[in-house]
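The values are calculated or read from the model by the stated rules, or taken from the named source; none is laboratory data. Nothing here was measured: the structure is a model prediction, and the numbers come from that model. Here Cβ is always computed from backbone atoms with ideal geometry, including for glycine, and neighbour counts include all displayed protein chains. Note: areas computed on protein heavy atoms with side chains; ligands, DNA, RNA excluded. Shrake-Rupley method; radii C 1.70, N 1.55, O 1.52, S 1.80 Å.
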Amino acid sequence: MHPSQLLAAVSYMTDLNPEGSCHHSWRVALLGQYLASIIAPDIRNDVFYAGLLQDIGAVGAIKHITAYDTLNLQTIDHHICAHPQRGSAILQWLPGMSEAAGIVRSHHEWWDGRGFPDKLMQDEIPLGSQILHIADAADTAGCFSNRASFAKGLHSLAGLTGCAWSNDLWAAFVGSTKDTAFYSQLLDQKSLSKLIAQTCAELKIPGELDNDEGIERILHLVAALVDLKDPATKGHSIRTARYAQALAKHMNMLAEDVHMAYRAGLVHDCGRLGLPADLVNRTGRISDKELALVRAHAAMTIKTFKCVPDCPEMEALGEIAGHDHERYDGKGYPDGLTGERIPLVSRILSAVDAFDAMISARSDRMLSPKAAVIRLQQNAGTQFDSDVVDAMVDLAGDGGLCQELVMAA
Ligand SMILES: [Fe+2]
Ligand SMILES: [Fe+2]
Ligand SMILES: [Fe+2]
């Protein structure tokens with residue numbers, strides 16, 4: 001698994017919905033790097049990775065950022081208002097991404113100073129941010145929905161020249177549209193994932209991030225995004241990862257499987273990023289239809305890690321992470337797998353995920369770790385794999401899980 005492919009998957013997550021992804025950030029990144037290759041080749045790579053992660057700070061917004069009709073409506077939602085700073089701060093945490101973080105911070109500034117968050121003007125705005133802004137606006141205006149909307153979208157943007165962006169940038173953008181081969185690819189949903197994979201391979205990410213530690217950082221970032229979406233379950237992903245790692249180790253699994261348990265634990269709930277924010281944060285009862293939607297997060301996790309073609313390692317991570325709601329008796333989801341057809345690491349995740357949910361449940365439903373283990377035992381052989389539960393009882397008796405609890409607190 002290459003870190004750049006993983007970043008493409010994180011980008012996909014920011015545009016996730018129950019049907020798949022609207023691919024907004026992919027198109028902005030692709031168009032941004034293309035414009036940069038013409039105007040400012042030196043910053044092409046930074047513009048691409050900033051484009052992929054431009055809206056990472058908008059997690060938790062009421063609607064997808066492109067679904068607001070006007071700029072005013074967009075900025076009423078504080079998640080949208082703060083997303084450039086928040087996204088930039090998140091990116092600063094990835095080694096080698098400080099240039100991209102700077103571009104993200106200013107990608108909603110306007111040439112005439114009416115943008116946000118810093119009300120920069122003209123050349124105060126980094127060129128990479130100006131490029132992302134025009135690419136973002138073109139996609140939000142629907143330029144790439146279909147061929148007919150391309151001309152209509154361009155027409156609606158023309159009037160913003162001199163206000164939202166400079167005359168020179170507009171001229172460069174319009175000039176670039178003569179490259180029909182490139183723009184046809186942007187318009188074709190089916191060719192996007194291939195184009196993203198090609199561009200990831202071509203535009204190297206900074207060396208600091210291009211290693212195993214970089215991959216781990218990105219997976220931790222995904223865990224943090226899930227927390228941002230649902231602050232009530234803060235720390236759930238990292239705790240699940242730590243318990244899963246401890247349990248896999250205790251079961252004498254191969255080092256690579258122990259590693260997989262940790263990584264899959266970090267991302268096991270990433271499909272929740274595609275659920276409506278009001279549903280994720282709801283504390284009261286939910287309807288059957290809404291429950292089906294909540295359950296769809298597991299399939300969305302699997303789909304997310306398949307978003308880039310020919311990346312078997314990433315796909316395997318998604319398969320294991322997304323099957324953590326299967327039940328040993330076959331009554332789980334998303335595929336109703338039974339017994340040992342469920343990957344062992346997924347069976348481990350299933351038990352530790354439920355364990356963490358029980359010990360950190362809100363109000364009176366919260367159980368002590370001891371009571372939670374007893375609850376797992378009561379459901380061994382039906383919901384959970386008995387061997388996994390036995391190992392968990394053993395580990396809890398050892399004090400191992402309790403130690404993990406203290407570490408994760
Ligand atoms: Fe944005
Ligand atoms: Fe889940
Ligand atoms: Fe979970």
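Looking at segment 258-276, which of its residues are more than 16 Å from ligand 2 (Cβ to nearest atom) and surrounded by 19 or more Cβ atoms within 10 Å (Cβ to Cβ)?
Listed by number, the residues that qualify are Val258, Met260, Tyr262.
All but one of (1) under 30 Å from His79 (Cα atoms); (2) in contact (Cβ under 8 Å) with a residue 60 or more places away in the chain; (3) of a type in the set (D, E, K, R) hold for Asp310; which doesn't?
(1)
Before we move on, is Leu169 among the hydrophobic types (A, V, I, L, M, F, W, C), more than 16 Å from ligand 1 (Cβ to nearest atom), at pLDDT 95 or above and surrounded by 19 or more Cβ atoms within 10 Å (Cβ to Cβ)?
Details: among the hydrophobic types (A, V, I, L, M, F, W, C): yes; more than 16 Å from ligand 1 (Cβ to nearest atom): yes; at pLDDT 95 or above: yes; surrounded by 19 or more Cβ atoms within 10 Å (Cβ to Cβ): yes.
Considered against the rule, which asks whether it is among the hydrophobic types (A, V, I, L, M, F, W, C), more than 16 Å from ligand 1 (Cβ to nearest atom), at pLDDT 95 or above and surrounded by 19 or more Cβ atoms within 10 Å (Cβ to Cβ), Leu169 comes out as yes.
Of all residues in segment 287-338 being of a type in the set (Val, Ile, Thr) and assigned to a helix (DSSP H, G or I), which is surrounded by the most Cβ atoms within 10 Å (Cβ to Cβ)? I'd like the intermediate steps shown before the answer.
As a first pass, look at segment 287-338 and keep what is of a type in the set (Val, Ile, Thr): 294, 301-302, 304, 308, 320, 338.
Remaining after also requiring assigned to a helix (DSSP H, G or I): 294, 301-302, 304, 320.
Working: Val294: 15, Thr301: 30, Ile302: 19, Thr304: 27, Ile320: 28.
Ranking the qualifying residues of segment 287-338, first place goes to Thr301.
Checking the condition in contact with a helix residue (DSSP H, G or I) (Cβ under 8 Å, 6 or more places away or on another chain) and more than 15 Å from ligand 3 (Cβ to nearest atom), which residue from Glu313, Glu290 passes?
Values: Glu313 fails: in contact with a helix residue (DSSP H, G or I) (Cβ under 8 Å, 6 or more places away or on another chain).
Sole residue among the options that is in contact with a helix residue (DSSP H, G or I) (Cβ under 8 Å, 6 or more places away or on another chain) and more than 15 Å from ligand 3 (Cβ to nearest atom): Glu290.
Under 6 Å between Cβ atoms, at least 6 apart or on separate chains: pull out the pairs that start in segment 68-87 with a residue that is among the small types (Gly, Ala, Ser) and end on any residue that is open to solvent by 60 Å² or more (accessible area, probe 1.4 Å).
none
Which pairs have Cβ atoms under 6 Å, sit 6 or more apart or on different chains, and link a residue in segment 133-151 that is over 25 Å from Asp123 (Cβ atoms) and touching a residue at least 24 places away in the same chain (Cβ under 8 Å) to one that is part of a helix (DSSP H, G or I) and open to solvent by less than 10 Å² (accessible area, probe 1.4 Å)?
Every condition considered, the pairs that remain are Phe144/Leu186.
Can you list the helices (runs of 4 or more DSSP H) lying wholly within segment 200-285 that have 3 or more residues being small (Gly, Ala, Ser)?
Helices (runs of 4 or more DSSP H) meeting the threshold: 212-229, 236-250, 255-267.
Which of the residues spanning segment 348-378 are in contact (Cβ under 8 Å) with a residue 24 or more places away in the chain and either open to solvent by 30 Å² or more (accessible area, probe 1.4 Å) or within 16 Å of ligand 1 (Cβ to nearest atom) (or both)?
Ala357, Ser360, Arg362, Pro369, Lys370
Taking the conditions exactly as written (in contact (Cβ under 8 Å) with a residue 12 or more places away in the chain, crowded, with 23+ Cβ neighbours inside 10 Å, under 30 Å from Lys190 (Cβ atoms) and more than 16 Å from ligand 2 (Cβ to nearest atom)), does Gln130 satisfy them or not? Can you show your working first?
Numbers: in contact (Cβ under 8 Å) with a residue 12 or more places away in the chain: yes; crowded, with 23+ Cβ neighbours inside 10 Å: yes; under 30 Å from Lys190 (Cβ atoms): no; more than 16 Å from ligand 2 (Cβ to nearest atom): yes.
Criteria not met by Gln130.
Is it the case that Asp112 is at pLDDT 90 or above, part of a loop (DSSP other than H, G, I, E, B) and more than 11 Å from ligand 1 (Cβ to nearest atom)? I'd like the intermediate steps shown before the answer.
Numbers: at pLDDT 90 or above: yes; part of a loop (DSSP other than H, G, I, E, B): yes; more than 11 Å from ligand 1 (Cβ to nearest atom): yes.
When the stated conditions are applied, Asp112 passes them.
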